[in-house]
Amino acid sequence: MAIFSRSESGLVHRVCRPLGIISVSLTCLLSLGACSGWKNLSKGEQGAVVGAGVGGVAGSVMSGGSTMGTAAGAAVGGLIGHEVNKGK
């Protein structure tokens, strides 16, 4: 016996999936930010970490949760974050 009807399960899926993606992304960002070596990273490296996190979230949202979209967003975001901050 199903816990939710078909219409309710679609709603649960549409609500829970983005929340799960956001919570996992925030957990990753916060755990990276809590590293004791954060201050030892160059500005370019710090920009790459932040850019990868933001890009991963953006890629996931824009691709509807696709793994490839998330990975591509993280890669592009990391590259942009590094290039923007490397001279600072």
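Where helices (runs of 4 or more DSSP H) fall entirely within the chain, those with at least 1 residues that are at pLDDT 85 or above and surrounded by fewer than 14 Cβ atoms within 10 Å (Cβ to Cβ) are at 43-62, 67-85.
Within the range 54-67, residues that are within 16 Å of residue 78 (Cα to Cα) sit with their Cβ atoms under 7 Å from residues that are buried (at least 16 other Cβ atoms within 10 Å of the Cβ) and hydrophobic (A, V, I, L, M, F, W, C), at 6+ positions apart or across chains, in these pairs: 55/74; 55/76; 56/74; 59/72; 59/74; 60/21.
The values are calculated or read from the model by the stated rules, or taken from the named source; none is laboratory data. Here the structure is a predicted model, which means the values were calculated and not measured. All Cβ positions, even for glycine, are placed from backbone atoms using ideal geometry, and neighbour counts span all protein chains on display.
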